[in-house]
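Working notes, beginning with the structure itself.
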Amino acid sequence: MMRVRRSAWGSIIPALTLLAGTLFAASASTARGTSLRDEGRTRVTDLIGDEQRGNRRERADYRRLRRDVDGLSRAAGRTDARVKQAQGDADRLAPAAGFTPATGPAVRVTLDDAPQPPGGLPHGVRPDDIVVHQSDVQAVVNALWAGGAHAMQIMDQRVIATSAVRCVGNTLILQGVVYSPPFRITAAGDPARLRAALAASPDIAIYRKYVRAYGLGYTVRTIARAELPAYTGNIHMKHATVPTEAPAGAH
């Protein structure tokens, strides 16, 4: 029996909340004589567009400020030995952390929604069954890391250890940017190991059952030489803390 993939409802709730608020606002406008049908659709589209433009501005500001900080740090390193040493340590760690471009052989996995049947969905088939879910993208990402990937890119963005994959409906949200399917995940590493890890993943095996049953898209392609950009997003660091008092009986 085919195992059921994780439902997308958990990811859709935030979008439904936003949509409900927008529809309430549109209803109020209708009471004053405007068109509910056109106004509601326009406002949702405008909200999405505004958020996308705001995010692009914030990312551009962040990159500019980061360049300024890097420049000031390097300038300080010319006169301060401690700053110079810290800058050298950061430069050595940058490739492993994803802050420099990466090149080399890679594997690219593409996931896509199934085409809509002309006569509607067959009996017993849910809309959730024919779309790519967050858990499907995450399964591919996890398998590629497990297969020894030393760098990874989702769509046109480099991802690092702290990157979070989020889906709302059938769209992917990555570091504040919204993408529609097909979703492309590119991992640099040994193609044979990466392909073996994909084939061994039980979560991907479930997804491939849906590929065969409902026509979801799943392709794996080897790339002789891929060029992955450096990570340019923000980083929210979390760290452990040492208790101020040792537990009773500890030495």
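Structural remarks
- For segment 77-162, the spherically averaged projection of the C-alpha convex hull amounts to 8.7 nm².
- Dimensions of segment 158-203 based on its C-alpha atoms, expressed as ranges along the principal axes with the largest first, amount to 32, 21, 17 Å.
- Packing order of peptides 178-186, 199-207, highest average first: 178-186, 199-207 (average count of other Cβ atoms within 10 Å over each peptide's residues).
- Highest mean packing comes first when the peptides 106-114, 222-230 are listed by Cβ atoms within 10 Å, giving 106-114, 222-230.
- As a rough guide to protection, the peptides 130-138, 164-172 ranked by mean Cβ packing within 10 Å, highest first, stand as 130-138, 164-172.
- Close amide-amide hydrogen proximity is noted between Gly215 and no other residue 5 or more places distant or on a separate chain, at a cut-off under 5 Å (H modeled in the peptide plane; Pro and chain starts excluded).
Each reported figure results from applying straightforward, stated rules to the coordinates on display, with no laboratory input. All of these numbers come straight from a predicted model, not from anything done at the bench. With ideal geometry, Cβ positions are generated from the backbone for all residues, glycine too; neighbour counts draw on all protein chains shown.
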